[in-house]
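Before any comments, here is the structure.
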Ligand SMILES: Nc1ncnc2c1ncn2[C@@H]1O[C@H](COP(=O)(O)OP(=O)(O)OP(=O)(O)O)[C@@H](O)[C@H]1O
Ligand SMILES: [Mg+2]
């Protein structure tokens, strides 16, 4: 028998209790890991390092209000601006309204420059881009979206409009990859399709995505653009791409506070449950602990053995919880990820997994240490007298 | 007549020497003396039955000798060590090396089988796997339980459990065995078996044994009986066997 065997056998004293505590740990760690990863995912969506050169101009009163496309001229005239891309959320679906994904009417001539970093991840060729530019009813789709629907270049995708009363039939000219899965679950088509198909959209667009030459220029530009259009018929709201995305996340409510609240509640609950279970388990062994010590096990040795039991218990629970969360993350990407772009990037980050494991271990140590320390401070003679 | 005369337990080097040992408990400011002025020398190889009425301090005295309790006065020298000089951790190692414990309720670890229970005290000795196995098997064969090695305590009779406990007590080859009512939970036949076993440990292996018992029949197996009365030594009786 080795020390580990002794620890393991002691843990298996009450299989039901051990199973219950491991089960509640798995559930708690799973919950916390998923929620914290959700938070990190949303944070990442509003903290895209590749977006540092970009900002977004839209109507001051919201995204449903349009801006004149002539604004592009003013934007291009600014010496700090490299290029501008008109981009409108189309909101169509393919075959089934539940089959929802991000699709945009966008200025095909500048799209690839604006999102240079994103498109740079794929090996798309000049020839492919030309194919798309040449075909007025062409479209480009992300690889993960194409895979999901079994699309390939040359296929025709009929989109049904929900916001706009047109149902464009688009031919796939290019399939792109992107460093972020959320960008890959998207479809873009020529802006003209929208402008020509929907009379009220003539010369209008919901947002302009602007690429500055240098990130340092952005604060100045944001201010200048909004000032320029202040008191005009179409006032603007100009913000960085990250701030723009944050607006979407904020629509979900104060998610951060809710998640942290739940996390704290789960941690406290599991600490109480684990602490109580360990206290009971150790109390039941009062006599046994006294016998161990009579045989020559020092108080410190007994304490380490009990702590090792607690650590092993929560270690197993924590590991399984993280593993389960990781497994579930794949499911979230595959389902919710298609509906909400942010969730396409959902995963349990290594830091979150480690933090959850460390948290579980801390709970195990704390929950075991208190009753174990008390037990080893008890006089041996008292422990031997205890009925157990 | 001095104390040494009254409690003469025969010749031989003393393995236990108690000088004016006292133990008191305090309830609030009130001192409750449990043992007073205990002077006692027990020679190597003795087999002592510690007797006396309930509450007379037998268990308390045994615990002091075995180093799991501390006196409030006097000194104890056991197996060559002045126990007052040892700190708690040193005392723990000392117990591991020198004392084997036998309890009334056997106190085997329920989740370990007979072999593993006996092996427990050896985990502290630094003995290797092979050596541990040899010693455990030797101890179990001495108590005649080699065939029950893989049984868990719940799969053993009371008498067998106590024999496993005895094997555990002797596996480290201690000089001193202490037993508090070792037959208290056994029927007459099993009690007789356990007592015969302890007598063999005394005569054949030369273990010094201090056994607390109420039972005159059990006490008869010892070579000397020491009587405690209200915390003081009352008289010593040599047993004629
Ligand atoms: N922790 C304690 N606090 C206060 N008094 C105690 C404590 N432990 C023992 N005593 C008292 O010390 C006295 C001796 O107790 P001890 O257990 O040594 O008796 P005993 O001779 O072994 O009795 P029994 O035959 O019933 O086992 C008793 O009066 C008991 O009440
Ligand atoms: Mg007693």
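Working from label points 7 Å from Cα in the Cα-to-Cβ sense, the residue A:227 to residue A:276 distance is 6.3 nm. Take A:283-289, A:259-265, A:309-315, A:230-236 and order them by the average number of nearby Cβ atoms within 10 Å per residue, most first; the result is A:309-315, A:283-289, A:259-265, A:230-236.
Distances between every pair of Cα atoms in the stretch A:173-215, grouped in 5 Å steps from 0 to the bin holding the largest one, split as 5, 15, 16, 17, 22, 17, 7, 1 percent.
Counting other Cβ atoms within 10 Å as a rough exposure proxy, the listed residues A:210, B:15 run B:15, A:210 from fewest neighbours to most. Across peptide B:81-92, the mean count of Cβ atoms from other chains lying within 10 Å of each residue's own Cβ comes to 2. Across all C-alpha atoms in the stretch A:54-213, the radius of gyration and Dmax reach 15.1, 45 Å. For chain A, the longest principal axis of the alpha carbon atoms and the long axis of helix A:350-377 meet at an angle near 20°.
Could you tell me the ratio Rg/Rh of chain B? Both radii from Cα atoms, Rh via Kirkwood.
Working: Rg = 17.8 Å, Rh = 18.4 Å.
My calculation puts Rg/Rh at 0.97.
Placing dummy labels 7 Å off each Cα toward the beta-carbon, the span from residue A:4 to residue A:362 is 2.7 nm. Inter-chain Cβ neighbour count for B:58-65, averaged per residue, equals 1 (cutoff 10 Å, partner chain atoms only).
Per-residue mean of foreign Cβ neighbours for A:295-307 is 5 (Cβ atoms of other chains, 10 Å radius). Our summary of shape: the Cα atoms of the protein assembly as shown have principal axis extents of 125, 54, 34 Å, ordered from largest down, in whole angstrom. With a Förster radius of 51 Å applied to the C-beta separation of residue B:147 and residue B:87, the computed FRET efficiency comes to 0.75. Computed from Cα positions, the angle between helix A:15-45 and the longest principal axis of chain A comes to roughly 30 degrees. Among B:163, B:129, B:70, the residue with the largest mean-square fluctuation in a Gaussian network model of chain B, with springs joining Cα atoms closer than 10 Å, is B:129. In this simple spin-label approximation, residue A:382 and residue B:13 carry label points 7 Å from Cα along the Cα→Cβ vector, and these lie 3.8 nm apart.
Could you tell me the relative contact order of the stretch A:93-223? Use alpha-carbon pairs under 8 Å, at least six residues apart, and round to a whole percent. Mind dumping the intermediate values first?
Working: 191 pairs, mean separation 42.1, N = 131.
The normalised contact order for the stretch A:93-223 reaches 32 percent.
For chain A, the relative contact order is 27 percent, taking Cα pairs closer than 8 Å that sit 6 or more residues apart in sequence and dividing their mean separation by the residue count. With contributions of -39500 (n - 2.57) from each DSSP H run of at least four residues, the per-residue ellipticity at 222 nm computed over the protein assembly as shown stands at -14500 deg cm²/dmol. Taking B:166, B:68, B:209 in turn, the Gaussian network model of chain B (Cα-Cα springs below 10 Å) assigns the largest fluctuation to B:68.
To the nearest 10 degrees, how steeply does helix B:88-98 sit against the main Cα axis of chain B, on a 0 to 90 scale? Once rounded, the angle reads 60 degrees.
For residue A:369 and residue A:202, calculate 0.36 nm times their separation in residues minus their Cα-Cα distance, and state this gained length in nm to one decimal. Write out the running numbers ahead of the final one.
Details: separation 167, 0.36 × 167 = 60.12 nm, distance 7.12 nm.
Gain on extension, residue A:369 to residue A:202, equals 53.0 nm.
When peptides B:27-36, A:52-61 are ranked by their average number of other Cβ atoms within 10 Å per residue, the highest-first order is A:52-61, B:27-36. If the segment from residue A:355 to residue A:109 were pulled out straight at 0.36 nm per residue, it would be longer than the present Cα-Cα gap by 84.0 nm. The stretch A:142-179 and the stretch A:265-305 have their alpha-carbon centroids 61 Å apart.
Using the reciprocal of the averaged 1/r over all distinct C-alpha pairs, how large is the Kirkwood radius of the stretch B:79-137 in Å?
13.2
Between residue A:220 and residue A:19, the C-beta separation translates, for a Förster distance of 56 Å, into a calculated FRET efficiency of about 0.35.
What is chain B's relative contact order, in percent, from Cα pairs under 8 angstrom and six or more apart in sequence? Relative contact order for chain B comes out at 28 percent.
Picking from B:100, B:128, B:52, which is most flexible by a Gaussian network model of chain B using Cα springs under 10 Å? Looking only at B:100, B:128, B:52, the biggest GNM fluctuation is shown by B:128.
Where a number appears in this text, it was derived from the coordinates with a stated rule and is not lab data. The structure presented is a predicted model; accordingly, all values stated were derived computationally and were not measured. Backbone-built Cβ (ideal geometry, glycine too); neighbour counts: all protein chains shown.
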